Every structure is written in structure tokens, then in C-alpha cells.
Amino acid sequence: MLIIKIGGGKSINLSGIIADLSEVEQAFIIVHGANAARDDLAQKIGVSKKVLTSISGYSSVFSDETAIDLLMMAYAGLKNKRIVELCQQHGINAVGLSGLDGKVIQGKRNSGIKVYEGGKRKIVRDFSGKPKSVNKTLLTLLLENHFTPVLSVPIIDENNVAINSENDDIVNVIQNEFEADQVIQLIEAPGFLKNPDDPASLISRLSVDELQVWEARVEGRIKRKLLALKKLFESGATKVVISDGRTEHPVRDALNEKGTVIE
């Protein structure tokens, strides 16, 4: 089985990704983002996105009730259903679900994010958290009956409240249950770059030990992503390919190991 994580950037070639997936013989689960759609929608309705950086250097989007509404509209609504539509057009019988539906992704709300604000240390609490488990019974039922799950945030917390979460962490809990042969991550870059501003600085292969070295060197969202990759291998992954989601054949390229291969 494969886990396919699709980034939410504006230049991701969704049509090419789904066309490629229609030729894949293995079963797969799709986890997708929609950050560009969310930001466009936020601009249209006059809502500003707020990014928090914890005192340990990890960045995340502040998720108040308005932000959760945006997730429901942009992720679970518009982007999820457009991906399902593309799947159906290519003969993939997809079922789109947020983490709320059937409690397919269950998590625990964060107790608070420690940040510095105005020179002072404080704890900020919002509607975000970590996924802890998946409804394997539901996902297995779909897969065994030849339906393809297409998953998005929000997920559901311990009090049955919608919360935001990182897709990297969602992929981790899915991997922990399903032990996928390979995890493919499709992003708006050729792969993992030494210099984010230089596409020619692609690192074609990385070991798990090297992930920890790189995590210590970087800051912001990429630091969080490298931590998630490290945890993905702790969840039993043996191979992850980070590949360019903007090419003509993104999945085909990833299966041919174009990008960054971590194993």
C-alpha cells in the first residue's frame, strides 16, 4: 500500500497526480493540504492568518474558531471535493473525508503553545492538536471494497471538537496502522533542498540519521517537517520519497525516485 501526501500549494499539478494514480495498481490513501485555497478564501472574507513560533523554534498556524471554519470550507470542502471529482473522472472511486467523519482521525487538543510575545513568555491555547489514532476499521472497510480514502483536516479531539493538525503528523498515525510500503510526499520543490532558494541544491538521498542533523540546522516550518519525517520512520516507514508535485507526472516521477529518497 502507498500513502500519498499532496501539498496544498497553488502550483501543485493535481490533474497530473490523479492521472498518475489511476495507473497505480496498489491501494493507496491520499492525505491532502489546501493552504493556498485557505489563504485565498481568507483574503476574500477579510481574515488575517496568524503564525505562531514556539520557544523551541517550531512554527504553526494559530487556529481559532474562524480558522477552523476556513479549514472546513477550504480543506474539507472545496479542495477535498475537487480531488474526489478528479479521482472519479479518472476511474478512481474516491471517498472524501475530514478527520471528523466517522472519527477517522482522532487526536488530542494541545494544552498550549509556549511562545514569546512582547518580550514575555506566555502560553497560547487554540483549536489545534496532535493526531493519536485512526479509525482503521472504517479505512479498511473502504480499501477492501475498492474505495480510495481522500483525507483532510480538521480532525476530531477527545471532546469531539474539530481541531487543526499537521498533515505530516496525520500521515504518521496512518503509517503506524497500515505499514505502507512507501510514503510519497508531493511538494512545490524538486525535493529537499540544501538551499530553499536554489532548486539545483537538491539532496537526492538522505539517511534517517541525517534528518536529525538537518533538523538542528533549520528553523520554522521546515524544522517541524523534518521532525515529522524522523517520527515517520519511528512509526515504521522504510522509504519516503519527497518529489516535485508540479511536474507533468508527479507520482510517476516519485515512483522512479526523482526527488529526495529517504530510507
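Computed FRET efficiency, Cβ-Cβ of Thr140 and Lys120, R0 41 Å: what is it to the nearest 0.05? Could the numbers behind the result be given before it?
Values: r = 48 Å, r/R0 = 1.18.
It comes to 0.25.
Non-local amide H neighbours of Lys132 (under 5 Å, H modeled in plane, Pro and chain starts lacking H): which ones?
Amide H to amide H, under 5 Å and 5 or more residues apart or across chains, Lys132 pairs with Gln106, Gly107, Lys108.
At a Cα cut-off below 15 Å, give the aspartates and glutamates reachable from Lys132, other chains included and same-chain residues fewer than 8 away excluded.
Asp157, Glu158, Glu166, Asp168, Asp169, Glu177, Glu234
Which of the trypsin sites (Lys or Arg not before Pro) found in the range 1-98 are loop residues per DSSP with 16 or fewer other Cβ atoms within 10 Å of their Cβ? Walk me through the numbers on the way to the answer.
Values: sites: Lys5, Lys10, Arg38, Lys44, Lys49, Lys50, Lys79, Lys81, Arg82; in loops: Lys10, Lys49, Lys50.
Answer by residue number: Lys10, Lys49, Lys50.
Where does the chain land at 222 nm, in deg cm²/dmol rounded to the nearest 500, when only DSSP H runs of n ≥ 4 count, each adding -39500 (n - 2.57), divided by all residues?
On the way: 9 runs with 89 residues, N = 263.
Taken over the chain, the calculation gives -10000 deg cm²/dmol.
Relative contact order for the chain using alpha-carbon pairs under 8 Å, separation at least 6, rounded to a whole percent? All intermediate terms of the calculation are to be shown ahead of the outcome.
Numbers: 548 pairs, mean separation 62.9, N = 263.
Worked out over the chain, it gives 24 percent.
Can you tell me the Rg and the Dmax, both Å, for the Cα atoms in the range 37-184?
Radius of gyration, then largest Cα-Cα span, for the range 37-184: 16.6, 55 Å.
Using only the alpha-carbon atoms, what does the range 10-94 span along each of its principal axes? Please give whole angstrom values in decreasing order.
44, 32, 22
Most exposed first by the Cβ proxy, i.e. fewest other Cβ within 10 Å, how do Asp244, Asp39 rank? The partial results should precede the final answer.
Values: Asp244 21, Asp39 16.
Final ranking by Cβ density, sparse to dense: Asp39, Asp244.
Can you pull out the trypsin sites (Lys or Arg not before Pro) in the range 93-150 that DSSP calls coil and that have at most 13 other Cβ atoms within 10 Å?
Details: sites: Lys103, Lys108, Arg109, Lys114, Lys120, Arg121, Lys122, Arg125, Lys132, Lys136; in loops: Arg125.
Counting only loop positions with at most 13 other Cβ atoms within 10 Å, the trypsin sites (Lys or Arg not before Pro) in the range 93-150 are Arg125.
How big is the C-alpha Rg of the range 72-122 next to the rule-of-thumb value 2.2 N^0.38 Å, as a ratio?
Cα-based Rg divided by the globular estimate yields 1.83.
Each value in this text was obtained by applying a stated rule to the coordinates, not by laboratory testing. If you're wondering where the values come from, they're calculated on a predicted model, not measured in any experiment. Cβ atoms come from the backbone with ideal geometry, glycine included; neighbour counts cover every protein chain shown.
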